[in-house]
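The values are calculated or read from the model by the stated rules, or taken from the named source; none is laboratory data. Keep in mind that what you see is a predicted model, and the values were worked out from it rather than measured. Cβ placement follows ideal geometry from the backbone for every residue including glycine, while neighbour counts extend to all protein chains displayed.
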Amino acid sequence: MIKSKIRKYHAPVWDEPLVMQMGQSGRRGSIAPVTEPKIVETVGRALDLLPAGMKRVNPLNLPELSEFEVQRHYLHLSQQTLGMMGISLFGTCTMKYNPRVNERIVYQPFVAEMHPHQDPETMQGILEIVNRFDHLLRKLSGLDKFVFQAGGGADAAYTQACITRAYHASRGELAQRNEIITTAQAHPCNPATAAAAGFKIITLALEDDGFPSVEALKAVVSERTAALMVNNPDDIGIYNPHIKEWVKIVHDAGGLCFYDHANFNGVMTRIRAAEIGFDACMYMLHKTFGGPKGGGGPAVGAYGCNEKLIPFLPGPTVEENGDGTFYLKEGGENSVGRIREFLGNIPTVIRAYSWTRSMGIEGLRDAANISVLANNYMEKRLLEIPGITKGMPDVKGRRLEMTRYSLGELTADTGVSCLDVQNRMTDYGVDAYWLSHEPWFIPEPFTPEAGELWSVEDIDYWIDVLETVCNEARSNPELVKSSPHNQVVHKQNSTNLSDPAKWATTWRAYKRKYGISN
Amino acid sequence: MIEKNKDLPTPHPFMANSAEASFNEMLKVANVTNIDELFEQIPKDHIFKGDWNFDPALPSEAAIYKHLTKILRKNISAEESLNFLGAGCWQHYVPAICDEMVTRTEFLTPVWGTPSSDHGRNQVWFEFQSQIGELVGMEFVGLPLYSYGTAGGHAIRMAARINKRSKVLVQASIDPERLAVFKTYCGYPELSGYIEIILIDVDPKTGRMSLDDLKAKISKDVSAIYFDNPNYLGIIESEAKAISQLAHDVGAEVIIGVDPISLGVLPSPSEYGADIVVGTTQPLGVHMNAGGGVGGFIATRDDEKYAHEYPTLQVSLTGTSEPGEMAFGLTLFEQSSYGSRENGKDWTGNSVYLWTVANATYMSLLGPTGFAEIGENILQRSHYAAKKIAEIPGVIVTWPSGFFKEFVVNFDSTKKKVSQINKSLLSKKIFGGKDLSKDFPHLGQSALYCVTEIHTLEDLDSLVSALAEVTK
């Protein structure tokens, strides 16, 4: 039953041209400092300083705008981005408040204008925060060391794949141990990064309980097993209670165990990777730890491991001198080297440290409790809406951070798909829900996640909008199928996107393919 | 409803439902009497019961601000010093509206919406791809990668997938950080997909790639040649066309890495033979952030041969149900790791998408004249610095011409180590050039100096007099 008054909403529509279509020849948006006459006298004309054949001849076809025009253009585009301006319960991504104070801090020169190759003597503040945060994560995980070089969760999974290589290579077993085991519910980045690192992938299918059986794992573990890479709980909200046994089985066979802790939010202060037996884990600082998502980074996949794997960590690592100061240590002979250049996305490490300190251990526990409670609250209300069913309904026990639902019944009744519903919800200022990672084993899936940020009124409103759209699907399915109607633009025509003759990832490609002169 | 007990949260500014009334309302509807019921799936022996010994909470914004800034003020930034470090992360001026845009909450905080609700941000992405495409002279550009090095690593793997060969030639002057990333991406011989990296010597006379060494090492089993232009040591690879030709003659792909801020004065790499262009995005309106400002890109011709090997996501311009209306959608999603798991092209995930907002804003601000101007500016300032430094007794600029932004300074004749010189400079609040003595031992006691548009004549003269003093 709809609880809230559904409010009027319309997205801003500026009908904004592409920046490449704007401006006039000769307009300037930015001017470089005037080169002092003495410099010119000393070195002569700039272009004469270039080797023959290496001077630009063809002028760049970039837009020419005044500073204000550029500013206003991008302000318009920001307004045409709904995101967190409405309600976004984008599951698997744990939408959080990103404390504004952190932007105030990281845009000051003592963070923004730091060079990674500076003398560590001049970087003590940054090194101290990295070290302090490393210690907080050690406490939350039970592991022994964290590094922040990975530029996201997938990059942390790749870090694990690289450490797995280096570990088995150091023992002379790499040629033999070339298989990585994962599950169908593990995030795609686990099999994908392991394959990119050269491993064969074994994916275990889910069984009736919502996870693969211990027997299924035993059947594939062997002397070829390099590592296990899994999430738990998964993003249907199901926790594999046999995970300790899994870890033991893989360890007994000589493999490593990596905990993709993407769904840490609901189990913060309850589950520690080390107690379960994992050698390593990954936390997403742009997600669980309050860093902003930026539409897809800059992110940090904090990678932590036990003593056994420390020699394999990418360098440089931040180490303590013992007198309250810190130094950077290059990796030793077993180190994987670099996953990415430099120390990582330091501003987001600072933001995550700030968020964690602001919360404290009790705050983290409250956040986990509120998140899981909110998910169960949502479930109660969502399952009252005709046409919505719970994914894997036979699995007993309350779901954790997230539950995956199906709109399959609604689709069967009305022809309206989960994508249509998603589009229509944006007409009410409610941004997309997450559907499902590949492979889909629940028809017409959607996966909301309330987390600890959204108020009960926001959650109710989100559910009310969904219910309104489900009602529309029954009374006027075309309205939903042809949506959105109140958005920045209408329903996207996706038929061109996979046609090489029509796709265009740049304006110059579009102009050529569609015969547009500039 | 729960009694007032340990399960009730403490109200916190980041959590609306930490208020007792909200929490209790949810408990009631969800029919929960004890919080532990919610965690019934988790076996009891999985739950940690030890002491946390955690640092105390600082829920007050004023307190957390004070705590963090007190620690961070121990840093000495490049802005309050005179900085001549480059080497993969460069201090350029960041226009104020670049910072304004990347801190707009609309751009800063979201993850993923629909093509309509994300339209503004998707348009920024398209404008990023389009303007990068203009600079490098390519029609197909993906969304950004983690860094210059990871873009190069993926490009090398793209080439190997295209021609099924497994050797890559790389200029020996490559940034050691970048080379280390390439090594990671090229894998291990024991596993599948391994690519052997073979370094091509630097010509000691010019600082450029040695064509003789290239000719000696190139063969029909080479998948790709990779070189940066300008290279890590600042030198413009003026024989780039010849290098590309040699690679194409054996059917190898040509991968060229660029610093896009040079492209107002240097030709696009597509004009001298690039098949795949990669590069950094950090100089285009992003602060150095202690290395956290880095980002990369991949660009190619709009040719299926390349397009079908991209590991990235990319937006394409398309239409809507309304005639004439523009929209943007992801193209080739199904070949990404999201679409195909281990059968996808390498992998993708969160990257540095927010920086596209700064990059697109920056490129729009500069325009064609701005790019030419900043390129000329950097050329003149860096050559002035090199010329004046070379006048200091005992100090040699190894390759005094044919460079852009960075140049190598050798101190062997001063009998001083770069590390000593840099310590002395630091006491004058100058960050000397990157010490090359460990990574490039054959260059002796050398440092890589970086000069950009931010350095005034006065700054450069201060450096020269400080260097003269500390090398005496």
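For this structure, a couple of remarks:
- The number of residues in segment A:228-244 being within 13 Å of chain B (Cβ to nearest Cβ) and not in a loop (DSSP other than H, G, I, E, B) comes to 3.
- Across segment B:39-88, the number of residues qualifying as within 7 Å of chain A (Cβ to nearest Cβ), assigned to a loop (DSSP other than H, G, I, E, B) and of a type in the set (A, V, I, L, M, F, W, C) comes to 10.
- Subset of segment A:100-110 (residues that are part of a loop (DSSP other than H, G, I, E, B) and within 7 Å of another protein chain (Cβ to nearest Cβ)): A:107
Yes/no matrix, rows are residues, columns are (1) in contact (Cβ under 8 Å) with a residue 40 or more places away in the chain; (2) in contact with a Gly (Cβ under 9 Å, 6 or more places away or on another chain); (3) charged (D, E, K, R); (4) surrounded by 24 or more Cβ atoms within 10 Å (Cβ to Cβ):
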position: B:81; (1), (2), (3), (4): yes, no, no, no
position: B:84; (1), (2), (3), (4): yes, yes, no, yes
position: B:109; (1), (2), (3), (4): no, yes, no, no
position: B:122; (1), (2), (3), (4): yes, yes, no, yes
position: B:133; (1), (2), (3), (4): yes, no, no, yes
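- Among residues of segment A:126-140 that are touching a residue at least 40 places away in the same chain (Cβ under 8 Å) and farther than 14 Å from residue A:326 by Cα, those with a Cβ under 8 angstrom from a residue that is charged (D, E, K, R) and in a helix (DSSP H, G or I), sequence gap 6+ or separate chain, pair up as A:136/A:357.
- Counting the residues of segment A:371-403 that are at pLDDT below 95, of a type in the set (Lys, Arg) and closer than 17 Å to residue A:445 by Cα gives 0.
- Here the condition is being at pLDDT below 95 and more than 7 Å from chain B (Cβ to nearest Cβ); of A:91, A:44, it holds for A:91 alone.
- Looking only at segment A:3-39, and only at residues there that are among the hydrophobic types (A, V, I, L, M, F, W, C) and either in contact with a Lys or Arg (Cβ under 8 Å, 6 or more places away or on another chain) or assigned to a helix (DSSP H, G or I) (or both), the one that is surrounded by the most Cβ atoms within 10 Å (Cβ to Cβ): A:19
- Selection within segment B:103-160 - of a type in the set (Lys, Arg) and either part of a helix (DSSP H, G or I) or in contact with a Cys (Cβ under 9 Å, 6 or more places away or on another chain) (or both): B:121, B:157
- Total residues in segment B:105-147, condition over 19 Å from residue A:295 (Cβ atoms) and at the interface with chain A (Cβ under 7 Å from one of its Cβ atoms): 5
- Residue within segment B:337-346 that is in contact with a Gly (Cβ under 9 Å, 6 or more places away or on another chain) and more than 7 Å from chain A (Cβ to nearest Cβ) present: no
- Residue B:149 vs. criteria among the small types (Gly, Ala, Ser) and either over 25 Å from residue A:340 (Cα atoms) or in contact with an Asp or Glu (Cβ under 6 Å, 6 or more places away or on another chain) (or both): yes
- Looking only at segment B:181-232, residues that are assigned to a loop (DSSP other than H, G, I, E, B), within 14 Å of chain A (Cβ to nearest Cβ) and β-branched (Val, Ile, Thr) come to 2 in all.
- Enumerated strands (runs of 3 or more DSSP E) restricted to segment B:240-325, each holding at least 2 residues that are more than 23 Å from the chain's Cα centre (by Cα): B:314-320
- Checking each residue in segment A:343-359 for being touching a Phe, Trp or Tyr at 6+ places or on another chain (Cβ under 6 Å) and at the interface with chain B (Cβ under 7 Å from one of its Cβ atoms) picks out only A:344.
Residue-by-condition table, conditions (1) out of contact with any Pro (no Cβ under 8 Å at 6 or more places or on another chain); (2) surrounded by 18 or more Cβ atoms within 10 Å (Cβ to Cβ):
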site	(1), (2)
B:325	yes, no
B:328	no, yes
B:333	yes, no
B:355	no, yes
B:370	yes, yes
B:373	yes, yes
B:385	yes, yes
B:410	yes, yes
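- Within segment A:320-342, the set of residues being over 19 Å from the mean Cα position of the chain (by Cα) and facing chain B (nearest Cβ under 7 Å) comprises A:336, A:337, A:338, A:341, A:342.
- Spans of helices (runs of 4 or more DSSP H) in segment A:374-481 with at least 2 residues at the interface with another protein chain (Cβ under 9 Å from one of its Cβ atoms) and farther than 19 Å from residue A:93 by Cβ: A:456-475
- Conditions (1) crowded, with 24+ Cβ neighbours inside 10 Å; (2) within 10 Å of chain B (Cβ to nearest Cβ); (3) touching a residue at least 12 places away in the same chain (Cβ under 8 Å): number failed by residue A:263: (2)
- Filter result (in contact with a Gly (Cβ under 8 Å, 6 or more places away or on another chain), more than 11 Å from chain B (Cβ to nearest Cβ) and farther than 24 Å from residue B:189 by Cβ) within segment A:186-227: A:221
- Residue match in segment B:183-206 (condition: within 30 Å of residue A:178 (Cα to Cα), hydrophobic (A, V, I, L, M, F, W, C) and in contact with a Cys (Cβ under 6 Å, 6 or more places away or on another chain)): yes
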